[in-house]
Amino acid sequence: MTLYHFTSFDGWAGIRTSGQLEARSYQTSSFGDLPLLWLTDRSDGQGIGGDPQRLQVRIAVQPERGVHPWLIARFEAALEGRNLDWAGTDPDSWFVTTQAIPQTRWLTAVDHKTDEVLWSNEQPPPGSQVPADWALSNSDITRFEARFLTSLESLTSMELSEEVLAKLQQDSRFDLFTLLTHLPDRLSALRDSRADTTEVGQYRTWLCWLALNEDAALIPGFTQALPQA
C-alpha cells in the first residue's frame, strides 16, 4: 500500500525544489518536541481534516521506516493534541514521521482535482506490503511487551560502550521515560486495531507493529524477529 501527503500548489513548488518532504508541523507537540510530517492512507483526501487549499496536490510515497500510525502516535502528543477526532475526520487514517522523505521514496505527484500527473518517479521504490498470511496474536504482543521491559531493565545494569552511549544520546526517539510511560496505551491500541480485518485495517496494524519494533530496536540488546514485507 501507499501513503499520501497533500499540499497546495505553492507548497508543491517548494517541495519539488528541495527534493524532499520535510517534517515541519508542531501541531501536537509530540515526539520529543520534534516537528512532524503528516501522511494519510486516504488517497481521496476525505476525512483528513485538511484545509481545502492544502488538498491541491497529492504526493504518493513509500517511506522506508520511521512512520507511526496516529493510532499509537497520539499517546506521545501533548494532552491537548491527542483528540483530533472532530466532525468528518478519520484520525485512524493519519500517520506521522519525524523523518524527511526524499524524492527517491516518492511515487507520483498529481493534481488532486484533475489527476493530472505533475511528477513521476522513473525508478519507483518497492511497495510496502503486509506479509502474506501475517496475523498478530495477543500472545505475540504479550511476548513483545515482556521482551521490551526486560531489555529496558537490563539496560540500567549494562556497561555500555562509548559508541552505544553516543548513539543513544543522539537519537531523539530514545527516552526511557517516554518509552515506558506510553507503552501500555500503545499496546492496547495495537490490540484494538486487530479488530479491523479489512485490507486497510490490517495494513494499519502492520505499521503499528513495525513502529513499535523500531522503537524497541533502539534499546541495546533487544531482538525481535519480524516477518519480511
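Convex hull of alpha carbon positions in the stretch 6-76: directionally averaged projected area 5.2 nm². Residue separation of GLN103 and ASP90 scaled by 0.36 nm, minus their Cα-Cα distance, works out to 2.0 nm of gained length. Sorting 104-110, 21-27, 91-97 by their mean Cβ neighbour count within 10 Å, with the most densely packed peptide first, gives 91-97, 104-110, 21-27.
Readers should treat all values here as calculations from the given coordinates under stated rules, not as data from a laboratory. Small disclaimer: the values here were computed from a predicted structure and weren't measured. Neighbour counts are summed over all protein chains in view; Cβ atoms, including those assigned to glycine, are modelled from backbone coordinates with ideal geometry.
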